[in-house]
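The values are calculated or read from the model by the stated rules, or taken from the named source; none is laboratory data. What you see is a predicted model, and the numbers here were worked out from it, not measured in a lab. For neighbour counting, all protein chains shown are included, and Cβ atoms are generated from backbone atoms with ideal geometry for every residue, glycine included. Just so you know, the surface numbers come from the protein's heavy atoms only, side chains and all, with ligands and any DNA or RNA stripped out. Shrake-Rupley method; radii C 1.70, N 1.55, O 1.52, S 1.80 Å.
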Amino acid sequence: SVILAYMLALPLGVLMALKKDKLIDKLGTFYIVFIMAVPSLGYIFLFKAIGGKLGLPTTFDMENPTWVMYVLPIASLALPSIANQMKWLRRYMIDQMNSDYVKFARSGGLSEGEIFSKHILKNAIIPVVHGIPSSILFALTGAIITERVYVVPGVGNMLTKAINAYDNGVIVGVVFLFFFLTI
């Protein structure tokens, strides 16, 4: 889900920042605000309901596994990360486009393509790349709710079952795993 998020968020964030097409910027901003405004459990159940109406499986069937079972859980984990990366990349690109060294590069005769690739994108992507570890951690810890809702057999589902069963050994082990990944 993290790879999917970055593959979609980076080009969309760049398109939003360039503002050549106002519709893309407005749709992207609406998407970002929607994902940030709706609680994660709300859109997970929303995607589950919409996916069920479209004929996608809403739970895992380990007896007859298919790739389609992964669509809704991956979408539920990736969509908030996509919105977050789009928001930050758009912000950083706009900051870079308005900086003095970009104006100086234009006055020096560099083409817009060279300015974009060598200066704006190169500097704007640095903070986004630094967010990759936290995106991976979010995908793992965010999977606790997603795995429970879609009945995915994973560490998150195991943690919630261990909490319900008062299995302290499993709880400590999984929390330690998340703690270790956070550090």
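A crude spin-label estimate for the pair VAL170 and LYS122, with each label 7 Å from Cα along the Cβ direction, gives 5.2 nm.
Estimated purely from DSSP H runs of n ≥ 4, each contributing -39500 (n - 2.57), the mean residue ellipticity at 222 nm for the chain is -24500 deg cm²/dmol once divided by its residues. Between LEU177, ASN157, VAL38, the Cα set farthest toward the positive side of the dipole of the chain (charges on each charged residue's Cβ, about the Cα centre) is that of VAL38. How much net charge surrounds ARG90 when only other residues with a Cβ under 15 Å from its Cβ are counted (Lys, Arg +1; Asp, Glu -1)? It works out to a net charge of +3. Between the range 73-88 and the range 115-183, the alpha-carbon centres lie 13 Å apart. Pairwise Cα distances in the range 126-183 exceed 16 Å in 47 percent of cases. Shown are ARG90, ARG106, whose ranking by accessible area with a 1.4 Å probe and every protein chain present, most to least, is ARG106, ARG90.
Remark: the range 1-85 projects, on average over all directions, an area of 6.1 nm² (convex hull of Cα atoms). The alpha-carbon atoms of the chain define a convex hull whose volume equals 138 cubic angstrom per residue. Any idea what angle helix 121-130 forms with the longest principal axis of the chain, computed on alpha-carbon atoms, 0 to 90 degrees, nearest 10? That works out to roughly 20 degrees. Placing R0 at 41 angstrom, the Cβ-Cβ distance between THR182 and SER107 gives a FRET efficiency of 0.35 after rounding to 0.05.
Taking the range 29-130 on its own, what percent of its Cα-Cα pair distances exceed 17 Å?
Cα-Cα pairs in the range 29-130 separated by more than 17 Å: 64 percent.
Considering Cα pairs under 8 angstrom that are at least six residues apart, work out the relative contact order of the range 64-183 and quote it in whole percent. Could you put the intermediate results ahead of the total?
Working: 63 pairs, mean separation 27.1, N = 120.
Reported relative contact order: 23 percent.
A straight chain from LYS19 to ASN64 at 0.36 nm per residue would run longer than the Cα-Cα distance by 11.6 nm.
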